[in-house]
């Protein structure tokens, strides 16, 4: 079976060259063709011998994504991509335009196991993990198709990034390597529903990225109702992991809170959030919940702004996330689900 060459980091690729009977430096040449020039075929690698190109073609393949749907917002230039993978599965990414640059929200899995009640990604179920190349290609393809430079990346699309830990770590290493995209991981945000064991493991890498924690409730009873992961890792364990992560990395954490009317948007909820996060170096990102047909969840504008005001008065740094691509249902998971029905 041919191997996915785009998922190798430079050291691995140099070792692969030795296994092919080539000098190790050939790995760097091939790596540059893949991640700087971003060729689709080994035959395009003009500065390596035809014999090596033949060996590469025999042993490896260059992965690819196919755009099967593309939605462009008339409101704010947001672009939503639905990609088909080489095995026929589908994933999404969303390119968003901000004053500070272009941000790309990418998927890390085909589907999701986590079962969060307000999320469209989990409804169709989990299929498989994405490889490092399939995550990278969402970046490369968005840049190629749009002609825009991706300045920041958010791992907040379909899937739970920390459930695909090893592949995500390798993706981050390749993404930030000086030969290739060379994106500082300070421009990367990774969102997790709260896999505590993996938060501790991630802290050991000291990547410099922003860790975003999907909190969404202030009591274990309520959080377990809407986020099944809380039954394994409760709020106390999650917040302790966050404190330890900050101590280990020196990085501020972002807490995501989807404000759902009648579920978690009361004055008592806001007061509870202030108590929970007191003393933690953090930012709170309040999210107007995305309405999906399978769930009766929505946000109330007045309650949302009142919630934000209470947090600010309580000393928490809180903002309301700007809604982008509202006319194209830009929340991840919706387009894939509609396409595959």
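Some values worked out for this structure:
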read-out	value
Qualifying residue in segment 191-204 (condition: assigned to a loop (DSSP other than H, G, I, E, B), assigned by TED's automatic domain parsing to the domain that holds residue 239 and in contact with a strand residue (DSSP E or B) (Cβ under 9 Å, 6 or more places away or on another chain))	yes
Filter result (crowded, with 19+ Cβ neighbours inside 10 Å and farther than 21 Å from residue 190 by Cβ) within segment 79-108	79, 82, 85, 90
Residue in segment 146-157 that is assigned to a loop (DSSP other than H, G, I, E, B), within 22 Å of residue 257 (Cβ to Cβ) and within 15 Å of the chain's Cα centre (by Cα) present	yes
Residue match in segment 265-279 (condition: touching a strand residue (DSSP E or B) at 6+ places or on another chain (Cβ under 6 Å), at pLDDT 95 or above and within 23 Å of residue 241 (Cα to Cα))	no
Qualifying residue in segment 210-229 (condition: without any contact (Cβ under 8 Å) to a residue 40 or more places away in the chain, assigned to a helix (DSSP H, G or I), under 22 Å from residue 102 (Cβ atoms) and in contact with a helix residue (DSSP H, G or I) (Cβ under 6 Å, 6 or more places away or on another chain))	no
Selection status of residue 318, modelled with pLDDT of 70 or more, surrounded by fewer than 16 Cβ atoms within 10 Å (Cβ to Cβ) and in contact with a helix residue (DSSP H, G or I) (Cβ under 9 Å, 6 or more places away or on another chain)	no
Which listed residue is farther than 24 Å from residue 153 by Cα, modelled with pLDDT of 95 or more and under 23 Å from the mean Cα position of the chain (by Cα), from 284, 229, 218	229
Test: residue in segment 88-104 that is on the phi > 0 side of the Ramachandran plot, assigned to a strand (DSSP E or B) and at pLDDT 95 or above	yes
Qualifying residue in segment 1-13 (condition: at pLDDT below 95 and surrounded by fewer than 20 Cβ atoms within 10 Å (Cβ to Cβ))	yes
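The values are calculated or read from the model by the stated rules, or taken from the named source; none is laboratory data. The structure displayed is predicted, hence computed values, not measured ones. Note that each Cβ is placed from the backbone with ideal geometry, even for glycine, and that neighbours are counted across all protein chains shown.
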